[in-house]
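Structure first, commentary second.
The values are calculated or read from the model by the stated rules, or taken from the named source; none is laboratory data. Bear in mind the structure is a predicted one, so any value in this text is a computation, not a measurement. Cβ coordinates were reconstructed from backbone atoms using ideal geometry, including for glycine residues, and neighbour counts include every protein chain displayed.
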Amino acid sequence: MNNSVGNTARLIGAGLRALLVLTVLCGVVYPLAVTGIAQVAFSDNANGSEIKDKSGQVVGSELIGQTYNLPKQNPDDAQEAAKPDLKWFQPRPSNGLGSNSVNQQYSLILSGATNKAADNPELVKLVEDAKAAVIADNSTASYKVKPEDVPADAVTSSGSGLDPSISPEYAKLQVHRVAEQNKLDVKQVEKLVEKNTEGRTLGFMGEPRVNVLKLNIAIKALAKS
């Protein structure tokens, strides 16, 4: 009987010691080591790939898209449709899966795709309405957008619904409108688009892209100069 109690006590003691050691190693030492390595070797990525404006203020993340809309006339009206601020380059449609109604301080877009089929009537209407809006918003007195010139990313959201980049074609389509709204020369804006166009990752993965936030920061700086 005594041997049985003693063995049980030793097993419990060994288990508790193992739990303590593993807790310290896996719960304290390992996270601190990984965090330290990440901060030293990949500081920008580890801190959320933050983008700062000319004043050094964080204005967003390189990895998450954001909208550029005019303030609502009635902030308390949830049904009021947001209108794009045409001074800025606009991102892809970012409907996601709707808004997070739980958070009362911020209206957060839930990341995700709608998974609607290509012949879904709701999706077809969304695309048609988005195309009509792109043509109307980006046509100016000296530049008319043709329906066949509207790229796919101008009227469809990405799989996450929060894509931070647009195609060079969509950026170029917006150049005349942004130049007119900010009283800038079209050639200047075109150069900014070219400067902010990134090529394929490692030369072969993905497609050329333009980060909308970086481009709008450049536009803001140019407009103030």
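For region 202-211, indicate whether the set of residues that are buried (at least 19 other Cβ atoms within 10 Å of the Cβ), within 20 Å of P151 (Cβ to Cβ) and not polar (S, T, N, Q) is non-empty. Checked against the condition, which is being buried (at least 19 other Cβ atoms within 10 Å of the Cβ), within 20 Å of P151 (Cβ to Cβ) and not polar (S, T, N, Q), region 202-211 yields at least one hit.
Somewhere in region 91-108, is a residue at pLDDT 75 or above, within 30 Å of L184 (Cβ to Cβ) and either out of contact with any helix residue (DSSP H, G or I) (no Cβ under 9 Å at 6 or more places or on another chain) or not assigned by TED's automatic domain parsing to the domain that holds V210 (or both)? Yes, the conditions are met somewhere in region 91-108. Annotation: A46 fulfils all but one of (1) without any contact (Cβ under 8 Å) to a residue 40 or more places away in the chain; (2) surrounded by fewer than 14 Cβ atoms within 10 Å (Cβ to Cβ); the unmet one is (2). When region 50-74 is limited to residues that are surrounded by 14 or more Cβ atoms within 10 Å (Cβ to Cβ) and part of a loop (DSSP other than H, G, I, E, B), the one that is modelled with the highest pLDDT turns out to be Y68. When region 169-201 is filtered for residues that are of a type in the set (G, A, S) and within 20 Å of V145 (Cα to Cα), the ones remaining, listed by number, are A171, A179. Among residues of region 185-209 being in contact (Cβ under 8 Å) with a residue 40 or more places away in the chain and out of contact with any Pro (no Cβ under 6 Å at 6 or more places or on another chain), the one that is farthest from L162 (Cα to Cα) is E207.
So that you can scan it fast, the table gives a plain yes or no per residue for (1) among the polar types (S, T, N, Q); (2) part of a helix (DSSP H, G or I); (3) closer than 24 Å to V124 by Cβ:
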site: D137; (1), (2), (3): no, yes, yes
site: S158; (1), (2), (3): yes, no, yes
site: E169; (1), (2), (3): no, yes, yes
site: K220; (1), (2), (3): no, yes, no
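For region 180-209, a residue qualifies if it is more than 23 Å from the chain's Cα centre (by Cα) and part of a loop (DSSP other than H, G, I, E, B), and the qualifying residues are N182, K183, L184, D185.
Do we have any residue at all in region 142-151 that's surrounded by 21 or more Cβ atoms within 10 Å (Cβ to Cβ), touching a residue at least 24 places away in the same chain (Cβ under 8 Å), within 20 Å of P84 (Cα to Cα) and of a type outside the set (S, T, Y)? Among the residues of region 142-151, not one is surrounded by 21 or more Cβ atoms within 10 Å (Cβ to Cβ), touching a residue at least 24 places away in the same chain (Cβ under 8 Å), within 20 Å of P84 (Cα to Cα) and of a type outside the set (S, T, Y), which makes the answer no.
Suppose the filter is of a type in the set (A, V, I, L, M), in contact with a helix residue (DSSP H, G or I) (Cβ under 7 Å, 6 or more places away or on another chain) and surrounded by 10 or more Cβ atoms within 10 Å (Cβ to Cβ); does I12 pass it? So I12 fails the test. Restricting the first member to region 53-70 and to residues that are farther than 26 Å from D137 by Cβ, and the second to residues that are basic (K, R), the beta-carbon pairs closer than 8 Å and six or more apart or on different chains are V58/K52.
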